[in-house]
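The values are calculated or read from the model by the stated rules, or taken from the named source; none is laboratory data. What you see is a predicted model, and the numbers here were worked out from it, not measured in a lab. Backbone-built Cβ (ideal geometry, glycine too); neighbour counts: all protein chains shown. Note: accessible area is taken over every heavy atom of the protein model, side chains too, but ligands, DNA and RNA are not part of it. Shrake-Rupley method; radii C 1.70, N 1.55, O 1.52, S 1.80 Å.
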Amino acid sequence: MLTQYLARPGGAILIALLTLFCFLCFSLNAILCRSALAVCGMHPLCFVAVRCFSGAAMLFAIWAFARPVGPVRLWRELMAQSSWPCAIFLFCYMLCFACGYVNMPSATGTLIQNSAIQVSMIGWGMHCGLRPGSRQLAGLALAFAGLALLLVPGLSSPPLMNALLISLAGISWGAYTMAGRAVADPGLATAGNFLRASLPAAGVLLLSLMNEGAPRTGLEEQALLCAIASGAGASALGYTVWYAVQPRLSIMAASASQLAVPPITAVLGLVLLGEAISLRLVLCGLMILAGIWLTLRASGRPAGA
């Protein structure tokens, strides 16, 4: 789809713009989730289901347009590229993501999640036999120190349970990335995994419908639009563009550039949701991002999307 345009003259500018678009999509996922849950009062399980269904529908439509081979053959290709372990990791990511953001500011949540993704990927590399050097150990120590200071109880610290759920979301995404390393086409695999994840998503939708005792807020349509925008827009379009752009970036650029997502989310949260940016968040965020950057720079290993 996009690859033919990326190889043309001026493609470097297009790659930069599309990379920024991806990071905006990743940031908007947190903003849309927070808006649907905290502002509109949507049940997190319902948000998970709508995000998954709309993402699966959009991804199937994108690939049906890109590969006009017929729905049956396309379905078989999507199932061949995807797998149930990856789909379960993807579903766990979306579930922990939504449940964690019930009482978590978007900027803080994104910082915790991205830290968990990067650290889990680095940890997996160490488990596979990569021995960290002194710079990597210093970077990891700095990142963990920043995360610990962020979670220390205080007026501006995030709720511990929500922080744990967001961390599990990051770890699940890291596991999803590692489990899908061997696939031939990550874009097709993601579409297939969203379709597979729709099965457990239907189960949580049933649970959310059984919990209809929650008071109505009058913002149900707005919440539904936020969930659809998260699934069909920020997730489906964001992931599709990212997997087209990522091969054009160096390993270091693909990994380190994702550190821009938490600051972008902080600005969007401030502008769109009126969320405050505390000095504690800024200082701890700088420590965490600097530590992860130092580790990535020393190792040169990819750290996932």
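The table below lists the values:
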| read-out | value |
| --- | --- |
| Selected residue (criterion: most open to solvent (accessible area, probe 1.4 Å)) from residues of the range 200-210 that are in contact with a Cys (Cβ under 7 Å, 6 or more places away or on another chain) and at pLDDT 90 or above | 205 |
| Any hit, the range 74-84, residues being of a type in the set (Gly, Ala, Ser) and within 16 Å of residue 176 (Cα to Cα) | yes |
| Qualifying position, being of a type in the set (Gly, Ala, Ser) and over 19 Å from the mean Cα position of the chain (by Cα), among 116, 80, 107 | 80 |
| Scan of the range 22-68 for residues that are farther than 30 Å from residue 276 by Cβ and open to solvent by 50 Å² or more (accessible area, probe 1.4 Å), ordered by number | 53, 57, 58, 60, 61, 65, 67, 68 |
| Whichever residue in the range 211-232 is of a type in the set (Gly, Ala, Ser) and modelled with pLDDT under 95 and, among such residues, is least open to solvent (accessible area, probe 1.4 Å) | 223 |
| Meets criteria (outside any loop (DSSP other than H, G, I, E, B) and at pLDDT below 80) for residue 197 | no |
| Of all residues in the range 263-278 being within 12 Å of residue 109 (Cβ to Cβ) and among the small types (Gly, Ala, Ser), the one that is surrounded by the fewest Cβ atoms within 10 Å (Cβ to Cβ) | 266 |
| Contacts under 6 angstrom Cβ, first residue in the range 20-32 being under 16 Å from residue 113 (Cβ atoms) and aliphatic (A, V, I, L, M), partner open to solvent by 10 Å² or more (accessible area, probe 1.4 Å) and modelled with pLDDT of 95 or more, 6 or more apart | 32/226; 32/229 |
| Residue in the range 103-123 that is touching a Lys or Arg at 6+ places or on another chain (Cβ under 7 Å) and under 22 Å from residue 38 (Cα atoms) present | yes |
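A quick yes/no check of all residues on (1) under 30 Å from residue 202 (Cβ atoms); (2) modelled with pLDDT of 95 or more; (3) surrounded by 15 or more Cβ atoms within 10 Å (Cβ to Cβ):
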{"position": "70", "(1), (2), (3)": "yes, no, no"}
{"position": "89", "(1), (2), (3)": "yes, yes, yes"}
{"position": "95", "(1), (2), (3)": "yes, yes, yes"}
{"position": "112", "(1), (2), (3)": "yes, no, yes"}
{"position": "118", "(1), (2), (3)": "no, no, yes"}
{"position": "130", "(1), (2), (3)": "no, no, no"}
{"position": "134", "(1), (2), (3)": "no, no, no"}
{"position": "142", "(1), (2), (3)": "no, no, yes"}
